[in-house]
There are 2 protein chains.
Amino acid sequence: MNRWIKRAALFAFSLVVAAAAADFASADEGMWLFSNPPVKQIKEKYGVEVSPELLDNLQKSCLKFANSGSASFVSSDGLILTNHHVGLSTVAGLSTKENDLVAKGFYAENYADELKCPGLKLIALQEIVDVTDKVEAATKDCKSFEEAEKTRADAIKKIETDAKAEKGMRCDVVPMYQGGQYHLYCYKEFTDVRLVFTPEESVGFFGGDPDNFGYPRYNLDITLFRAYENDKPYRPEHFLKWSEAGAKDGEFVLVSGHPARTNRFNTVADLQYQRDVYYPHMMSKYRRREVLYQAFSSFNDENKRRVATDLFKIQNSRKNRGGILLGLQTPALMQRKIDAENELRKLALEKNVVDLSAGDPWDNIAKTVSEWAPYYVAHDLFEGGEAVACTVMNRARAIVRYAVETSKPDAERSAGYKEIALEERRKELAETLKRDDADIEALKLGDNLSMLYELSRPAEGGRSLGAVLVPQATLDAIYDGKSPSARATDVVLNTKLGDSEYRKSLIDGGLDAVKASDDPAIKLALAIYPIASDLRDMYSKNVAEPLRQDYAKIAKARFAVYGDTIYPDATFTLRLTYGKVGGYTEDDGTVRPFETYVKGALDHAREHNFVDPFDLAQSWVDAEKEGRAPLDAPLNFVTDQDIIGGNSGSPCVNANGEVVGLVFDGNIQSLVLNFIFDEVQARAVLVHSTGIREALRTIYKVEKLADELGK
Amino acid sequence: MNRWIKRAALFAFSLVVAAAAADFASADEGMWLFSNPPVKQIKEKYGVEVSPELLDNLQKSCLKFANSGSASFVSSDGLILTNHHVGLSTVAGLSTKENDLVAKGFYAENYADELKCPGLKLIALQEIVDVTDKVEAATKDCKSFEEAEKTRADAIKKIETDAKAEKGMRCDVVPMYQGGQYHLYCYKEFTDVRLVFTPEESVGFFGGDPDNFGYPRYNLDITLFRAYENDKPYRPEHFLKWSEAGAKDGEFVLVSGHPARTNRFNTVADLQYQRDVYYPHMMSKYRRREVLYQAFSSFNDENKRRVATDLFKIQNSRKNRGGILLGLQTPALMQRKIDAENELRKLALEKNVVDLSAGDPWDNIAKTVSEWAPYYVAHDLFEGGEAVACTVMNRARAIVRYAVETSKPDAERSAGYKEIALEERRKELAETLKRDDADIEALKLGDNLSMLYELSRPAEGGRSLGAVLVPQATLDAIYDGKSPSARATDVVLNTKLGDSEYRKSLIDGGLDAVKASDDPAIKLALAIYPIASDLRDMYSKNVAEPLRQDYAKIAKARFAVYGDTIYPDATFTLRLTYGKVGGYTEDDGTVRPFETYVKGALDHAREHNFVDPFDLAQSWVDAEKEGRAPLDAPLNFVTDQDIIGGNSGSPCVNANGEVVGLVFDGNIQSLVLNFIFDEVQARAVLVHSTGIREALRTIYKVEKLADELGK
């Protein structure tokens, strides 16, 4: 029996749930703000004094990739460490068919060889200012949700603009504690970033989708860049030293990075909405796309290559969201959320610290999400654009939106389309349209049009999609009397949007030109626009703003009950987590060790006969053959850190602030960290600092670079 | 641009639709009854006189595999030709891990070497009798749908039993023309069938899922059996001769076999129900299972091997149903159905030949399906058992059903559970439970329990699944307070149903023993039983019987309007189709030739570097190397025959009744034949008679067998 459970564990895993909420009082929980670091908790649990200097250095050494991950300075010459998968799209952009850096890897011996990465922008957090009072003052007299939303947006824009002028830095106002507080985050920007080293994809992405979210792992998931200023290597005031010893079992560690999004403080009703409405739709969408790409891939290697990235992204999302959904479907976890909410509500009402002026915020949220539920799928398909998603239609939709918004007076436009922002919009629309190959484009569009057909049902006057009626005239314009696949082929083959002159004529011609266009992509985008627009307004007015206000009230009540020793949900801003290095035990009793070794990577490849995605690069095979591979060097390891997507590329440091590892994944049991913390089995998966240095030194023979780490 | 359309064609194919219904008057349409063969149509279109002797020989040479395909006698010594994929489960049953006949193939040099196939039963149609009057007489005074259904079932059982006693043959009453007629089909049975020859799977299933429903193709999709009687080769009175020349372009041909199911005569409302309710749910179910098996396969070769068959079946269904759904979403095709229905209704009402005594049958059907729609998914999940589908739960459900039925008086039981049938039921339940590996079993059950969770929504008192409320107490019993995957592991690990003694104790102990059981699989089956049972009754009373009566009325009206020159929908009974050999042109102008060659198989494998499923067997590679491969022999070809699933293994004969090919697939454009005929692009895909003979002779060097074909 044991044999199969082991196999199944990676799969239909079930979660070991710590029963008593009390266990979590001293748990390694929290994605803490640098403005409110958990120094007291760390001291109590680990006896470690984390100094303000260490935290300041850690904060300012950290970097954020625009929309995709974390990184840090690891040398005085501006060397930047991140994950292979965080840098992947940049490296792909530097590759050509003839010189495929993704496949071959890359190393620049000298500064002059380092490759400029066009468009890559990294930011480092320098300062945090609480601006809650300013934001709240602006909206306190607002009479409606609509007015509040508009007024707040304007106030935030003003705070940002003023701060930028004053500090000469990029400044973002970030809602924290679901609107309970507003913080101003001020960043130094790096726009000249160059590629220094990246391993072969078969090393950096070793194990591919099957190993993704798994452990033990064997990935050298690293890429090194360098920041430049005035064409010279940037010499940062703050960077991280490299640990000589590397991570050890049981050791106290800190991780600092940019977790993207959690739902820890969502109400139970909101989580149930996610469990019953949001995730089931997402999963169904991912599955249909995964099947589409898999089937397309199966024809030949060329097809496989062409959709490999899309397919992996979908598989990654499906696994990730599937893990969260399974967590939400686990009664014991949901019970913990119910218990916590009941306790908070009881205490808050007893202490009379809930603003009940507009009703009970928990009840309000339950009502808001349940009333929104029947509109959600239509919102995703129309306003989210999923019913027509493909590169051509994404651009067509943007052009139509631009034309409609700019036909209105400035005051009535959405934030991104006011005169002040228009230049940026126009630039985006004019940009070269990087279309997928036409067959892939038609494949995606056709499948998405089928999805709309399959999810809708015949109704009086058209087809219904949840509570939304798609009128027959709209359907006629969408499908043009054709089957979904025939319509997709028609749009993709006949659109002129690839022609920048034509796009320009539409952008300059405004709504009249767009309405007069006979381009099938534009006509399709126009067809879905009215429903998309209605749902956007509805969401903003009936959902986003009421939720914002009710969640802010709950956040304030939570502060009043529990004090400020709580952390806000992740919002893609810099956070600090603490915890320890340490393995775990699977449900079936399998022990997962705290670290793996370089030799394990070679063995893992052999077990799979070096078949893709286990086709470990020749450089590693050669190094082993020639006796120079650091076989006993630790390669990956795990910690019980509270991390989530976006933390990829986060540095992990020891009590001295020295790099001992680099976060690159979480195990499958960590996916529930989206909405609840667990340290029994949930683990961050990291590249070991020693594995990084030794692989550079002996496998890649780039000693100079290995020596630069931490210096 | 052309390059991509070609690639896309296999995929997001769209259908070239013949515009005018008039074109179809002389089309090669129809799955004709041997009791009403289209000799007149053939004579008119092809100038060929098909003699009664030819038809009689063809009919009696044909064989049916119990639930899976067609075959025919091709020698005077009882040699039987069918497809590799039709014989596959039989060959797998004869294989062991040490002697894997599926992988290696098999050939018996002498009768003594031929392998008995336990449980394999083939039947050959000997006689057709119209018994419509008898059946209708029985029900004409019935007062309710319920009474009519019961009375008819009893009358049919009596006709079958009497006929069997009289003729000494198996006799089945088959509803034709959707209940417009009832025919008695009398069969000779063959229960001693032995394996003679099967090629390697990599030949018989060359190209796997990617090539499935594709053309050009390169499959030797054949397996040869032999019928025995009294331990001697059976010498059939009727068998098919082998054509010396084989199929030629443009040649007139007949195909005789057992198409499983078409919906040609469904009303438009019924097709819309299928388009909007039935197929979307099916597709969504197939996609989630495909993703599940793909992900499981991706871990290692052993996993891949273990779910390969399940995965292919799902991919096959997904492609097949997806093709039908795309057809139903093609407005021009649906318009042809609307036009045809409008014409029939108009003429029938004008001629006053519609039985309107219980309302307009078209309107009735529209009402029936629309009222059933909100129950359909729950019916599939509960009564269809899909919410718990896996081998253990299938057996558990059968035991619970048996216990409940046998607790009732004989008269109140469902047909299969009356005393007369109980022995057979008990035997089935006692049979060894061939469980999947426990990890696969838990994987399937867990995913199915998740499906139930994802498709249902919170409702007052439980969760709703369409119009069905699943009460909280039922949910508690289904999930037992666990997540879907944890519950699945629990059931699969802890059930005792694998123990035949325990099963026997439940079967003998009746409902009391079943209710008292603490077996988790039995408890789960009991939990879903009440809803399953209610939906079964509801379907039978409110859907099946009303549809039967309304469709029978429409069928009679159709006879009255168009005479009896029409054919009934496929019902897995023997049918005759006519047409011609001939290639076709894809939407993008690509010409698909009428035949492919042996050399093409080797080239196709080379193009794909012999990677699975293009890893053509060594025997073919060796034959080519040694210069003995019949490189120029035609291997596969296409005809415009009106065929569908179940026709696999059907012989294709020329005007002289000689075998020129063997049906093994349809192209992707043929999938719409489910509900509408098309001869522009829809094609049957066949193995060429010359390819079969030459491959046996020169690649496999089994001359004796090659010589026996048709002799």
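The values are calculated or read from the model by the stated rules, or taken from the named source; none is laboratory data. Bear in mind the structure is a predicted one, so any value in this text is a computation, not a measurement. Heads up, the Cβs are rebuilt from the backbone with ideal geometry, glycines too, and the neighbour counts pull from every protein chain shown. Areas reflect the complete protein model, heavy atoms only, side chains present, ligands, DNA and RNA absent. Shrake-Rupley method; radii C 1.70, N 1.55, O 1.52, S 1.80 Å.
How many residues are of a type in the set (Val, Ile, Thr) and closer than 30 Å to B:Arg275 by Cα when one looks only at segment B:659-711?
Matching residues across segment B:659-711 total 6.
Going by the conditions given, is B:Asp640 over 24 Å from B:Ser75 (Cα atoms), touching a strand residue (DSSP E or B) at 6+ places or on another chain (Cβ under 9 Å) and without any contact (Cβ under 8 Å) to a residue 60 or more places away in the chain?
Judged against the criteria, B:Asp640 is not a match.
Scan segment A:393-400 and tell me whether some residue there is open to solvent by 40 Å² or more (accessible area, probe 1.4 Å) and among the polar types (S, T, N, Q).
yes
Has segment A:74-83 got at least one residue that is modelled with pLDDT under 95 and either out of contact with any Ser or Thr (no Cβ under 9 Å at 6 or more places or on another chain) or buried (at least 20 other Cβ atoms within 10 Å of the Cβ) (or both)?
No, there is no match, as no residue in segment A:74-83 is modelled with pLDDT under 95 and either out of contact with any Ser or Thr (no Cβ under 9 Å at 6 or more places or on another chain) or buried (at least 20 other Cβ atoms within 10 Å of the Cβ) (or both).
Regarding A:Ala411, is this residue more than 14 Å from chain B (Cβ to nearest Cβ) and exposed (fewer than 14 other Cβ atoms within 10 Å of the Cβ)?
So A:Ala411 passes the test.
Would you please name the residue that is least open to solvent (accessible area, probe 1.4 Å), looking only at residues in segment B:485-496 that are touching a Ser or Thr at 6+ places or on another chain (Cβ under 7 Å) and either under 22 Å from A:Gln274 (Cβ atoms) or small (Gly, Ala, Ser) (or both)?
Among residues in segment B:485-496 that are touching a Ser or Thr at 6+ places or on another chain (Cβ under 7 Å) and either under 22 Å from A:Gln274 (Cβ atoms) or small (Gly, Ala, Ser) (or both), the one least open to solvent (accessible area, probe 1.4 Å) is B:Ser485.
Residues to consider are A:Gly384, A:Gly416; find the one that is farther than 15 Å from A:Leu526 by Cβ, surrounded by fewer than 18 Cβ atoms within 10 Å (Cβ to Cβ) and at pLDDT 95 or above.
Step by step, each of A:Gly384, A:Gly416 is checked, and only A:Gly384 is farther than 15 Å from A:Leu526 by Cβ, surrounded by fewer than 18 Cβ atoms within 10 Å (Cβ to Cβ) and at pLDDT 95 or above.
Here are some residues: B:Ala527, B:Ala513. Which one is closer than 30 Å to A:Ile668 by Cβ, more than 14 Å from every other protein chain (Cβ to nearest Cβ) and in contact (Cβ under 8 Å) with a residue 40 or more places away in the chain?
Residue meeting the stated conditions: B:Ala527.
Go through the residues of segment A:671-679 one by one and say whether even a single one is touching a strand residue (DSSP E or B) at 6+ places or on another chain (Cβ under 8 Å), of a type in the set (Asp, Glu) and open to solvent by less than 10 Å² (accessible area, probe 1.4 Å).
Checked segment A:671-679: no residue is touching a strand residue (DSSP E or B) at 6+ places or on another chain (Cβ under 8 Å), of a type in the set (Asp, Glu) and open to solvent by less than 10 Å² (accessible area, probe 1.4 Å).
With the condition being among the polar types (S, T, N, Q) and within 30 Å of A:Leu55 (Cα to Cα), I'd like the helices (runs of 4 or more DSSP H) fully within segment A:79-147 carrying at least 1 qualifying residues.
Filter on segment A:79-147 gives A:84-94, A:132-139.
Evaluate the following for B:Asn303: is it open to solvent by less than 10 Å² (accessible area, probe 1.4 Å), under 27 Å from B:Ala467 (Cβ atoms), at pLDDT below 95 and of a type outside the set (D, E, K, R)?
No, not satisfied.
For every residue, the table says whether it meets (1) at pLDDT 95 or above; (2) within 14 Å of chain A (Cβ to nearest Cβ).
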{"site": "B:Leu325", "(1), (2)": "yes, yes"}
{"site": "B:Thr330", "(1), (2)": "no, yes"}
{"site": "B:Asp339", "(1), (2)": "yes, no"}
{"site": "B:Arg345", "(1), (2)": "yes, no"}
{"site": "B:Lys351", "(1), (2)": "yes, no"}
{"site": "B:Pro361", "(1), (2)": "yes, no"}
{"site": "B:Asn364", "(1), (2)": "yes, no"}
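Restricting to segment B:433-466, name every residue that is over 30 Å from the mean Cα position of the chain (by Cα) and more than 9 Å from chain A (Cβ to nearest Cβ).
Within segment B:433-466, B:Ala459, B:Glu460, B:Gly461, B:Gly462, B:Ser464 meet the criteria.
Within segment A:497-521, track down each residue that is open to solvent by less than 20 Å² (accessible area, probe 1.4 Å) and either of a type in the set (Phe, Trp, Tyr) or outside any loop (DSSP other than H, G, I, E, B) (or both).
Result: A:Arg503, A:Leu506, A:Ile507, A:Gly510, A:Val514, A:Pro520, A:Ala521.
List the number of the failed condition for B:Val591; all other conditions in (1) free of Cβ contacts under 8 Å to residues at least 60 places away in the same chain; (2) out of contact with any Ser or Thr (no Cβ under 7 Å at 6 or more places or on another chain); (3) hydrophobic (A, V, I, L, M, F, W, C); (4) within 25 Å of B:Val253 (Cα to Cα) hold.
The number of the failed condition is (2).
Find all pairs meeting these conditions: Cβ atoms under 6 angstrom apart; at least six residues apart or on different chains; first residue within segment B:297-310 and part of a helix (DSSP H, G or I); second residue open to solvent by 60 Å² or more (accessible area, probe 1.4 Å).
B:Ser297/B:Lys304
Can you name the residue in segment B:224-278 that is open to solvent by 40 Å² or more (accessible area, probe 1.4 Å) and part of a helix (DSSP H, G or I) and is also farthest from the other protein chains (Cβ to nearest Cβ) among such residues?
B:Tyr278
Under 6 Å by Cβ, and 6 or more places apart or on different chains, what pairs join a residue from segment A:33-60 that is crowded, with 17+ Cβ neighbours inside 10 Å with one that is part of a loop (DSSP other than H, G, I, E, B) and β-branched (Val, Ile, Thr)?
That search, which allows pairs on different chains as well, returns A:Val39/A:Val50; A:Ile42/A:Val48; A:Ile42/A:Val50.
Which of the residues spanning segment A:93-112 are of a type in the set (Gly, Ala, Ser), at pLDDT below 95 and open to solvent by less than 50 Å² (accessible area, probe 1.4 Å)?
A:Ser95
Would you list the helices (runs of 4 or more DSSP H) that sit entirely within segment B:530-649 and hold 2 or more residues that are modelled with pLDDT under 95 and surrounded by fewer than 18 Cβ atoms within 10 Å (Cβ to Cβ)?
Filter on segment B:530-649 gives B:545-562.
I need the full set of residues from segment B:475-484 which are touching a residue at least 12 places away in the same chain (Cβ under 8 Å), at the interface with chain A (Cβ under 8 Å from one of its Cβ atoms) and open to solvent by less than 10 Å² (accessible area, probe 1.4 Å), in order please.
B:Pro484
Residue by residue through segment A:685-702, note down the ones that are over 31 Å from the mean Cα position of the chain (by Cα) and β-branched (Val, Ile, Thr).
A:Thr698, A:Ile699, A:Val702
Might you let me know whether segment B:455-474 holds any residue that is surrounded by 18 or more Cβ atoms within 10 Å (Cβ to Cβ) and acidic (Asp, Glu)?
Scanning segment B:455-474 turns up no residue that is surrounded by 18 or more Cβ atoms within 10 Å (Cβ to Cβ) and acidic (Asp, Glu).
Of B:Glu350, B:Glu371, B:Glu343, which residue is in contact (Cβ under 8 Å) with a residue 60 or more places away in the chain, assigned to a helix (DSSP H, G or I) and more than 30 Å from B:Asn212 (Cβ to Cβ)?
Step by step, each of B:Glu350, B:Glu371, B:Glu343 is checked, and only B:Glu371 is in contact (Cβ under 8 Å) with a residue 60 or more places away in the chain, assigned to a helix (DSSP H, G or I) and more than 30 Å from B:Asn212 (Cβ to Cβ).
Which residues, taken from segment A:24-72, are in contact with a Phe, Trp or Tyr (Cβ under 9 Å, 6 or more places away or on another chain) and part of a helix (DSSP H, G or I)?
A:Phe24, A:Gln41, A:Ile42, A:Lys45, A:Tyr46, A:Leu55, A:Asp56, A:Asn57, A:Leu58, A:Gln59, A:Lys60, A:Ser61
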